[in-house]
Amino acid sequence: MVPGKAETTQILFVDDDERALRAFQRGFESAEYRVTVTTDVLGALELAEQDKFQIIICDYIMPAMDGVAFLERCRRIAPDSLRILISGDCDYQSSIDAINRGGVYKLVTKPWDVDELKAMLREAAEQYWTKKESERLSKLIKEQNTELVVRTLNLDREIHERTSSLLNGLVTALDLRDTETQWHSRRVSLYSKRIAKALGIRGEEIRSIERGALLHDIGKIGIRDSILLKPGRLTAEEWVEMRKHPDMGYKLLEGSDFLERERIIVLHHQERYDGKGYPLALKAKDIDIGARIFAIADTFDAMTSDRPYRQALTFKAAREEIIRCSGTQFDPRVVDAFLSIPHMEWREIREKVEGRDLKGEKAMAHGAPPPIPPKPPSLGPHPAGPSEPIRPASLGAAAAGSPGTVPAPVVPDVAAGAAPPPPETGSPPSGESSA
Ligand SMILES: [Fe+2]
């Protein structure tokens, strides 16, 4: 028995000489070794199949099967066993066969020297149990590594879920504060996903675009109410502050490694295809494709949503306005993808999102907090203001090309209709806004 090991080593000894069997059993049966002896080589094969013997010893000359053939069979049925061939007349070729075919651990000559055999068996037993212990530890380490990987993945997922939950809460709060509906960002998120799909985008990229669209205005958390909710025009200074929100959102998400792509979409979401956007005045394909998709989704949602100062445009009118701005505000390729999507799908997405709202109402009936009341119209863009956001009437005139009417860009900025011309571009960010 190997020190520190509780296991007793089991030895199977096969010989047609009964005196040799008895001598071996007398000499080695002990607490250290449990010895099984037999003259029946075929019966010994059945015993070996039980795979309980750590050491198998066989005489070379046997009536039904020679020792090499027997050990060769044992090598297949009990591969972990250490096999020893004993012979009174073992020539060179037999020895080679024993090693190559039987995979024997040692060759022993008859009559054996008891001390030498004891030393050999102890060494064999130690080798066997050391190998088994090594295998056990390797398996344990592998299992622990697997467990560690699973724990790490679970931890990552938990961090992602908690971060996402926190961000979703912020988005909801921001939507209620800014756009008077908690579903704007979620609709824009699903609209963006649908347009991305129409462009052939798949997998993790489409999920990043969906999340990026959801988080697009997260930086507005850092914009003061006096600016974000100002009913009239923003001053030049206020407008400068408002235009910081993409960069503020980008920095807010800095610590979330798993939102790297989403950060870029947040940073680019106010850029325009023609380079007249902000904060970087990027053009065309320099703008992340997620942000180019978002621009259309956001405008579409803004135009097709009711506001305190005007009713929603029809889907058809919104599509016409997006077509009009293809190549200026919007990437024409993304516009084409948008136009390929049937009206019905936009309606379905909107209903799907608003279905969550109904669930919210049910939750309230069961004791959930009351809804946040809509902001009074005075908190939104001034309906009569000089840079009033696009309304159905003005849009119709623009789309029809009425004489003397300068079509306003649809996508506006955060303070829709309330902002003066941005100093950098000289072009007023008029029109519908939610971005
Ligand atoms: Fe924005």
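None of the figures in this text is laboratory data; all of them are computed from the coordinates on show. Since the structure is predicted, the reported quantities are computational estimates derived from the model, not experimental observations. No Cβ is skipped: glycine too gets one built from the backbone with ideal geometry, and neighbour counts run over all protein chains shown.
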On the formula 1/(1 + (r/R0)^6), with r taken between the Cβ atoms of Ser226 and Lys251 and R0 of 30 Å, the FRET efficiency rounded to 0.05 is 0.85
Return Ser138, Ser208 ranked ascending by Cβ neighbour count within 10 Å, so the fewest neighbours appear first.
-> Ser138, Ser208
Based on the Cβ-Cβ distance from Phe258 to Asp51, what FRET efficiency comes out when R0 is 41 Å, to the nearest 0.05?
-> 0.25
If you take the square roots of the eigenvalues of the alpha-carbon gyration tensor of the stretch 83-196 and sort them as a ≥ b ≥ c, do you get rounded (a/c under 1.5), prolate (a/b over b/c) or oblate?
-> prolate
Once you have the Cα-Cα distance between Glu18 and Ala312, take 0.36 nm times their residue separation minus that, and quote the gain in nm to one decimal.
-> 95.5 nm
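Filter Lys193/Lys285; Lys220/Lys283; Lys316/Lys352; Lys244/Lys285; Lys110/Lys131; Lys244/Lys352 down to the pairs with a C-alpha to C-alpha distance above 26 Å, please.
Beyond 26 Å between Cα atoms: Lys110/Lys131; Lys244/Lys352.
By the scheme Lys and Arg +1, Asp and Glu -1, what is the net charge of all other residues having a beta-carbon under 10 Å from that of Val104?
+2
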Mind sorting Ile86, Ile96 by how few other Cβ atoms lie within 10 Å of their own Cβ, fewest first?
-> Ile96, Ile86
Roughly how many nanometres apart are two label points built 7 Å out from the Cα toward the Cβ at Asp113 and Asn154?
-> 5.9 nm
Net length gained if the chain between Arg122 and Arg207 were fully extended (0.36 nm per residue, minus Cα distance) = 24.3 nm
Fewest first, what order do Asp247, Asp217 take by the number of other Cβ atoms within 10 Å?
-> Asp247, Asp217
Of all chymotrypsin sites (Phe, Trp or Tyr not before Pro) in the stretch 269-320, which ones are in loop regions per DSSP and have a Cβ with at most 10 other Cβ atoms within 10 Å?
-> none
